[in-house]
1. In the set A106, A90, which member is surrounded by 15 or more Cβ atoms within 10 Å (Cβ to Cβ) and hydrophobic (A, V, I, L, M, F, W, C)?
2. For residues that are in a helix (DSSP H, G or I) and polar (S, T, N, Q), scanning just region 116-136, find the one that is surrounded by the fewest Cβ atoms within 10 Å (Cβ to Cβ).
3. Could you list all residues from region 93-102 that are surrounded by 14 or more Cβ atoms within 10 Å (Cβ to Cβ) and either in contact (Cβ under 8 Å) with a residue 60 or more places away in the chain or within 13 Å of A64 (Cβ to Cβ) (or both)?
4. From the list A39, A61, exactly one residue is surrounded by 10 or more Cβ atoms within 10 Å (Cβ to Cβ), among the aliphatic types (A, V, I, L, M) and at pLDDT 85 or above. Which is it?
5. Which one of the conditions (1) farther than 12 Å from L74 by Cβ; (2) surrounded by 16 or more Cβ atoms within 10 Å (Cβ to Cβ); (3) touching a residue at least 40 places away in the same chain (Cβ under 8 Å) does K191 fail to meet, given that it meets all the rest?
6. Only one of (1) assigned by TED's automatic domain parsing to the domain that holds V164; (2) within 28 Å of A171 (Cα to Cα); (3) modelled with pLDDT under 90 is not met by T98, so which one is it?
7. Looking at P119, P178, can you tell me which residue is modelled with pLDDT of 95 or more, under 29 Å from D54 (Cβ atoms) and not β-branched (V, I, T)?
8. Which count do you get for residues in region 88-115 that are part of a helix (DSSP H, G or I), charged (D, E, K, R) and under 22 Å from D166 (Cβ atoms)?
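The values are calculated or read from the model by the stated rules, or taken from the named source; none is laboratory data. Since the model is a prediction, treat every value here as computed from it, not as a measurement. For neighbour counting, all protein chains shown are included, and Cβ atoms are generated from backbone atoms with ideal geometry for every residue, glycine included.
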Amino acid sequence: MKKLNLIIAAAGAVCIMQACNNNSKTAATTDSTTTTADATKTDTTKMTAAVPADTADVSFATQAAAGGMTEIDLSKLELQSANTKIKDFANMMVTDHTDAGNKLMAIAKAKNITLPDGPNAMQQQIISDMSKKSGVVLDKAYVAQMVTDHKKTIALFEGAQKTVKDTTLKAFITNILPTLHKHLDAINAIK
């Protein structure tokens, strides 16, 4: 009887050890599967983030950013004007274009679009030429430039509504266009 009890106890111990062994293998397999699934998910996320933005989207964003920075720089020059109406317009330009620029920058960052650090070479030349003027001459040049710039900017935004594919950029365009029209109306009234 002692032998039978020992055999049963030994068989029970073997079964228990085997069951424990299977659980650890299952856990290891589950961990391995989870790790593989997580790695696959991470790789997919990385691949999605690395997809470049549409060419039309990038072109619009870079042009809009450079144009906005130009208008801010020109308006900061004009803030020295004695003409209150022009000074008020210049303040509105700095405020509105800074706000729009910040929104565009956030969108560009989310879409992996690199925006320019400042105005392009042609815009830099306009700013440089304008900085050499003062008084009434500066006022007239500034007003003329703002009319020209806003007509071009509105055309850029309206054209981009048709070509830009990204929905966030399209919403940005739709939200900013009324402000651009308001700017053009205001500068035309001053002119």
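1. Values: A106 fails: surrounded by 15 or more Cβ atoms within 10 Å (Cβ to Cβ).
Matching residue, one of A106, A90: A90.
2. Step one: list which residues in region 116-136 are in a helix (DSSP H, G or I), which gives 121-131, 135-136.
Next, only the ones that are polar (S, T, N, Q) stay: 123-125, 128, 131.
Details: Q123: 19, Q124: 14, Q125: 11, S128: 9, S131: 13.
In this case the residue turns out to be S128.
3. Selection gives M93, D96, H97, A100, G101.
4. Working: A39 fails: at pLDDT 85 or above.
Exactly one of A39, A61 is surrounded by 10 or more Cβ atoms within 10 Å (Cβ to Cβ), among the aliphatic types (A, V, I, L, M) and at pLDDT 85 or above, namely A61.
5. (2)
6. (3)
7. Values: P119 fails: modelled with pLDDT of 95 or more.
P178 is the lone residue from the list that is modelled with pLDDT of 95 or more, under 29 Å from D54 (Cβ atoms) and not β-branched (V, I, T).
8. Of the residues in region 88-115, the ones part of a helix (DSSP H, G or I) are 88-110.
With charged (D, E, K, R) added as a condition, the list becomes 88, 96, 99, 103, 109.
Still in the list and also under 22 Å from D166 (Cβ atoms): 99, 103, 109.
Result for region 88-115: 3.
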